[in-house]
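The values are calculated or read from the model by the stated rules, or taken from the named source; none is laboratory data. Treat the numbers as computed from the prediction; the structure is a model and nothing was measured. Glycine also receives a Cβ, built like all others from the backbone with ideal geometry; neighbour counts cover every protein chain displayed. With ligands, DNA and RNA removed, areas are computed over all heavy atoms of the protein, side chains included. Shrake-Rupley method; radii C 1.70, N 1.55, O 1.52, S 1.80 Å.
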Amino acid sequence: MHPKSIHPLAERIHDAARREVPLVMGILNVTPDSFSDGGRFHGVDAALEHARRMVADGADLLDVGGESTRPGAEPVDADEELERVVPVIEAIAAELDVPMSIDTMKPEVMRGAVAAGAAMINDVNGLRAEGAIEAAAELGVPVCVMHMQGEPRTMQSDPTYEDVTEDLLGFFRERIRACTDAGIDPAHLVLDPGFGFGKSLDHNLQLLAELARFRTLGHPLLIGISRKSMLGKITGREVAEDRVAASVAAAVLAAERGGNILRVHDVAETVDAVRVLAAMRERGGARP
Ligand code: PT1
């Protein structure tokens with residue numbers, strides 16, 4: 001079969017990676033707990049308002065998700081997830097000129113979200129669900145393949161690796177092969193080590209320190225550390241909203257070690273931090 005031409009968003013991601021300027025991806029959760037008033041209309045309205053804010057703050061991309069995957073989260077069914085994300089994606093696509101990814105593990109949601117205007121798939125399950133890899137191949141959009149050990153509900157109970165970096169490198173080699181065998185254009189693949197997804201603090205820190213090793217796989221890297229509990233453990237800050245400075249520090253460290261797309265809550269702060277990094281890189285000069 002003749003592969004479709006490279007997607008414009010994939011082009012954009014590769015261009016940014018080539019120039020070593022990280023892209024900032026704003027997180028847009030459309031789960032009922034993220035908008036206290038459960039009403040659908042209010043949910044779309046509040047999500048659109050949040051999207052406008054992130055775009056004004058300089059987000060390059062928005063990641064729309066209708067199923068929580070944080071530790072302990074319970075799964076939701078595909079119909080419920082679609083009802084949450086589709087109206088929000090349609091509303092944003094009608095008003096804002098920003099590419100969106102759909103954060104989902106389900107092929108039905110991938111299809112519905114891309115039909116509604118999403119330009120990328122972000123799968124924390126690495127396209128391992130039944131039918132997911134075929135859906136991603138058919139849709140022909142860029143796709144983030146994330147590593148997760150276990151499933152959200154139980155993944156933090158006893159995460160175990162021989163060597164977390166080596167184990168993930170093996171996982172990605174297998175997934176890259178499976179994706180290309182299924183007909184996904186390799187230029188559409190983005191990889192993500194999945195911070196906090198079945199990993200201890202020490203596993204997360206080793207992955208952050210050794211991030212550059214994942215660049216050898218030849219694909220752009222997406223990194224999500226924003227406000228996660230690993231930062232709470234490091235700083236002693238138990239409230240997620242109090243982890244902004246730690247999140248910005250982690251984003252800069254990840255970018256400096258090869259992260260290409262930074263998935264964050266605090267867009268304005270991260271955009272400023274990335275500008276400092278970009279200015280230093282543009283100036284050049286000797287590395288220690
Ligand atoms: C991520 C990510 C994601 N994270 C990608 N998608 C979440 N590609 C959702 C905690 O320890 O890193 N990459 N989609 C959110 N998941 C978590 C996981 C949230 C752990 C919080 C924690 O606090």
Once a ≥ b ≥ c are taken as the square roots of the eigenvalues of the Cα gyration tensor of the range 221-281, is the result rounded (a/c under 1.5), prolate (a/b larger than b/c) or oblate (a/b not larger than b/c)?
prolate
R52 accessible area, assembled protein chains, probe 1.4 Å, Å²
80
With an 8 Å Cα cut-off and a minimum separation of 6 or more residues, compute the relative contact order for the chain in percent.
20
Ranked by GNM mean-square fluctuation in the chain (Cα springs under 10 Å), the top entry among A51, A94, A254 is A94
Would you mind working out the magnitude of the charge dipole of the range 190-288 relative to its Cα centre, with +1 at each Lys and Arg C-beta and -1 at each Asp and Glu C-beta, to the nearest 20 Debye?
280
Pairs of lysines in the chain (C-alpha under 30 Å apart; 8 or more residues apart or interchain)
5
I need to check one value: relative contact order of the range 148-288, counting alpha carbon pairs closer than 8 Å and at least 6 residues apart, in percent.
22
Given 193-200, 240-247, 19-26, the highest-first ranking by average Cβ count within 10 Å works out to 193-200, 19-26, 240-247
Sorted peptide list for 123-133, 205-215, criterion being average Cβ within 10 angstrom, highest first:
123-133, 205-215
PRE reach from A249 (point 7 Å along Cα→Cβ): which of the range 198-228 fall under 19 Å by backbone N?
201-211, 224-228
What nm distance separates the two modelled labels at D79 and R237, each placed 7 Å from Cα along Cα→Cβ?
4.1
Give the long-range amide H neighbours of V24: residues separated by 5 or more places, or on another chain, with amide H under 5 Å away, using H modelled in the peptide plane at 1.01 Å from N.
D60, L61, L262
Classify the chain: rounded, prolate or oblate, from the alpha-carbon gyration tensor (a ≥ b ≥ c, eigenvalue square roots; a/c under 1.5 rounded; otherwise prolate if a/b is larger than b/c)?
rounded
State the Cα centre-to-centre distance between the range 148-166 and the range 217-277 in whole Å.
21
